[in-house]
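Just below is one structure, and these are the notes that go with it.
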Amino acid sequence: MKPQKRYKVTFLPEGKQTEAAKGLSLLEAARRAGVKLATRCGGKAGCLMCKVRVDAQEAGAVKPPGDAERRKLGSQLDEGVRLACQAEVWGDVRVTVPEDPLKAAVRRRLEEARREREDELW
C-alpha cells in the first residue's frame, strides 16, 4: 500500500509546523504542532471557539466549508475565517491563530511600559 501524501501545516504567528495527511482537521493538526486552540464542543462546530484564518490564496489547501460551518460563520467565511474543527487539510497551508484577548492585553501593556522606560532614558 502506498503511503499517504503529507502536507505541511504552519501556524502563525508562532511559526509552529506539523505534517498532516489529507483530511486531518486543522484542530488536530494544531494539537500535533503544540498550538493551543480553545474548544468546548469536541469538534462539532458548536462552540465557535476554534476560529482561525486561512488567506484567500490558500483557501484551496483546506476542504471547502460544509453546511454547519457556513451556518455558523456566515459572512466571516469571506474574510478567511474557518473553524479549525471543521476545516480539513487538503494541501500545504498557513493558518493564522488569533491571539487570546487576555494575552493581547498583557502584551500591549508590557509594550507600553517598555516604551515608557525607553522614553525616560532619553
Legend entry - Nearest-20 debye value, the chain charge dipole, Cβ charges on Lys, Arg, Asp, Glu: 680
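Rule-of-thumb check for segment 6-121: C-alpha Rg over 2.2 N^0.38 Å?
Values: Rg = 16.3 Å, N = 116, 2.2 N^0.38 = 13.4 Å.
Here the Cα radius of gyration is 1.22 times the empirical estimate.
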Inset, instruction - Per DSSP H run of n ≥ 4, the term is -39500 (n - 2.57); total these for the chain, divide by its residue number, and report the mean residue ellipticity at 222 nm rounded to 500 deg cm²/dmol. - result: -9000 deg cm²/dmol
Legend entry - Dmax and Rg, reported as Rg then Dmax, of segment 73-122 (C-alpha, Å): 18.0, 52
Legend entry - Across the chain: Cys residues that no other cysteine approaches within a C-beta distance under 4.7 Å: CYS50, CYS85
Legend entry - Nearest-ten-degree value, helix 101-121 long axis tilted from longest Cα axis of the chain: 30
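The numbers here are math on the coordinates, done by the rules we state, and not lab data. Quick caveat: nothing in here was measured; it's all calculated off a predicted structure. Cβ coordinates were reconstructed from backbone atoms using ideal geometry, including for glycine residues, and neighbour counts include every protein chain displayed.
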